[in-house]
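Accompanying notes for the structure given below.
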Amino acid sequence: MSAVEVLAGVDIVALRLSEEGTLQVLLLRRQREPYAGQWALPGVLVNGRCADASLDAAAARALADKARLQPQYLEQVATVGNGLRDPRGWSLSTCYLALLAPDAEPQDESLRFVDLSRVTAGQQALPFDHTQLVRLAAERLRGKSVYSSLPLYLLAPRFTVTEALTAFQACLGEPVQHTTLRGRLERMKAQGWISDTGEKNYPKMGRPQNLLEHRPQESEAFIFDRSLLA
Ligand SMILES: O=P(O)(O)OC[C@H]1O[C@@H](O)[C@H](O)[C@@H]1O
């Protein structure tokens with residue numbers, strides 16, 4: 001790399017809700033140097049001859065090419081850049097938050113999900129500044145989950161109130177009142193963002209529960225008029 005070149009890329013913090021109700025982040029074992037063999041965020045460089053029309057397109061490509069997964073939601077979080085984060089020289093990374101369906105599975109042994117809390121706590125070390133990128137994305141998700149329906153993008157399109165509660169609590173990292181969430185979901189129903197399917201799920205334990213359907217009216221999330229934690 002010449003002295004005047006700057007590497008530019010995108011990195012994806014792709015999250016999934018586990019069966020246990022915890023958030024997990026997708027990691028990819030790097031094939032090449034630097035940090036060959038280490039688990040890192042899936043990312044691609046966008047310098048040079050890449051065909052992507054935009055950073056958003058590059059982020060979608062990174063997930064599609066490297067993980068063969070389609071996100072239910074994708075949002076740009078931040079751009080970081082300096083001369084230290086990549087040993088190849090000055091670099092910029094635009095970090096994206098991607099929310100995956102709960103049945104998103106690693107397609108081969110070069111991919112795996114690990115507990116988000118292990119990464120944010122530094123127990124699972126990541127190369128480059130990827131730990132910092134994960135923390136930024138997790139903070140964005142937490143902040144938006146206070147006042148929007150974002151966590152619903154971590155569920156299957158058909159979900160129960162109990163599953164919604166699990167998703168919100170995982171994103172916020174604290175308990176949410178069942179009745180408060182119900183009220184917010186009712187408001188979404190009134191605006192056409194959620195519909196009643198008239199069907200029930202039949203869990204292994206407990207009583208059957210009504211199945212709701214998430215019907216996003218835009219690519220963003222529904223904004224609540226009051227905080228979910230109020
Ligand atoms: O995988 P290659 O193309 O080598 O490089 C991409 C990585 O280089 C780093 O700056 C980025 O954070 C990104 O993850």
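Can you find, among Ala164, Ser148, His178, the residue sitting farthest towards the positive end of the charge dipole of segment 147-214, where Lys and Arg contribute +1 and Asp and Glu -1 at Cβ?
My answer, from the dipole projection, is His178.
Starting from the residue with the highest accessible area, list His214, His178 in decreasing order, probe 1.4 Å. List each step's numbers first, then the result.
On the way: His214 25, His178 75 Å².
In descending accessible area the options line up as His178, His214.
Taking the inverse of the average 1/r across all pairs of different Cα atoms in segment 147-214, what Kirkwood radius in Å do you get?
12.3
Between the helical axis of 178-190 and the dominant principal axis of the chain, each derived from Cα atoms, what acute angle in degrees is found, rounded to the nearest 10?
For 178-190 against the chain, the angle is about 90 degrees.
Quick one: helix 161-172 against the long Cα principal axis of the chain, what's the angle to the nearest 10°, folded into 0 to 90?
With both axes taken from Cα atoms, the answer is about 40 degrees.
Near the amide H of Tyr73, under 5 Å away, which other amide H atoms are found, from residues 5 or more places off or on another chain, if H is placed in the peptide plane?
Leu99
Which residue, Arg112, Arg16, Arg207, has the most motion in a Gaussian network model of the chain that connects Cα atoms within less than 10 Å?
The residue that fluctuates most here is Arg207.
In the chain, if the dipole is taken from +1 on Lys/Arg beta carbons and -1 on Asp/Glu beta carbons about the Cα centre, which of Ala78, Gln191, Pro127 is farthest to the positive end?
Gln191
Over every pair of different alpha-carbon atoms in segment 32-121, take the mean of 1/r and invert it; report that Kirkwood radius in Å. Working shown, then result.
Numbers: mean 1/r = 0.0682 Å⁻¹.
The answer is 14.7 Å.
Under unit Cβ charges (Lys, Arg +1; Asp, Glu -1), what dipole magnitude, rounded to 20 debye, does segment 126-206 have relative to its Cα centre?
Dipole about the Cα centre, nearest 20: 120 debye.
Can you run phi through the Karplus equation (6.51, -1.76, 1.60; θ = phi - 60°) for segment 52-64 and list ³J(HN,Hα) in whole Hz, with x for Gly and Pro?
Calculated HN-Hα couplings, in order: 5, 7, 7, 5, 4, 5, 5, 5, 5, 5, 4, 6, 5 Hz.
Share of antiparallel DSSP beta bridges in the chain, in percent to the nearest 5?
Just about 75 percent of them are antiparallel.
What is the sum of charges around Arg16, taking Lys and Arg as +1, Asp and Glu as -1, for the other residues whose C-beta is under 15 Å from the C-beta of Arg16?
Once all neighbours under 15 Å are counted, the net charge is -3.
Report, in degrees rounded to the nearest 10, the 0 to 90 angle that the Cα long axis of helix 130-145 makes with the longest principal axis of the chain.
Helix 130-145 sits at roughly 30 degrees to that axis.
Given only helices, namely DSSP H runs of n ≥ 4 each adding -39500 (n - 2.57), what is the per-residue ellipticity at 222 nm of the chain, to the nearest 500 deg cm²/dmol?
On the way: 5 runs with 59 residues, N = 230.
Mean residue ellipticity at 222 nm (helix-derived): -8000 deg cm²/dmol.
Can you pull the percent of the chain's accessible area that's carbon plus sulfur, 1.4 Å probe, other chains left in place? Numbers along the way, then the final one.
Details: 5690 of 11810 Å².
With neighbouring chains kept in place, the figure for the chain is 48 percent.
Given segment 72-141, what whole percent of its Cα pairs are spread farther than 20 Å?
39
How large is the translational diffusion coefficient of segment 119-185 in µm² per second when you combine the Kirkwood radius over alpha carbon pairs with Stokes-Einstein at 25 °C and 0.890 mPa s?
188
To the nearest 20 Debye, how big is the dipole of the chain about its Cα centre, given +1 on the beta carbon of each Lys and Arg and -1 on that of each Asp and Glu?
240
Just for the Cα atoms in the chain, what are the lengths along the principal axes, largest first, rounded to whole Å?
62, 33, 31
Using only the Cα atoms of segment 178-221, what are the Rg and Dmax in Å?
Final numbers for Rg and Dmax: 12.1, 35 Å.
Report the local net charge at Val146: Lys and Arg +1, Asp and Glu -1, summed over other residues whose C-beta lies under 15 Å from its C-beta.
Residues near Val146 contribute +2 overall.
Provide the per residue accessible area, probe 1.4 Å, for the chain, rounded to a whole number of square angstrom.
Value for the chain: 51 Å² per residue.
Any chance you could look up the accessible area of Glu33 with a 1.4 Å probe, heavy atoms only, rounded to 10 Å²?
Around 130 Å² of this residue is reachable by solvent.
The values are calculated or read from the model by the stated rules, or taken from the named source; none is laboratory data. Here the structure is a predicted model, which is why all the values come from computation and not from measurement. Neighbour counts are summed over all protein chains in view; Cβ atoms, including those assigned to glycine, are modelled from backbone coordinates with ideal geometry. Accessible surface is based on the protein model in full, side chains and every heavy atom, while ligands, DNA and RNA are left aside. Shrake-Rupley method; radii C 1.70, N 1.55, O 1.52, S 1.80 Å.
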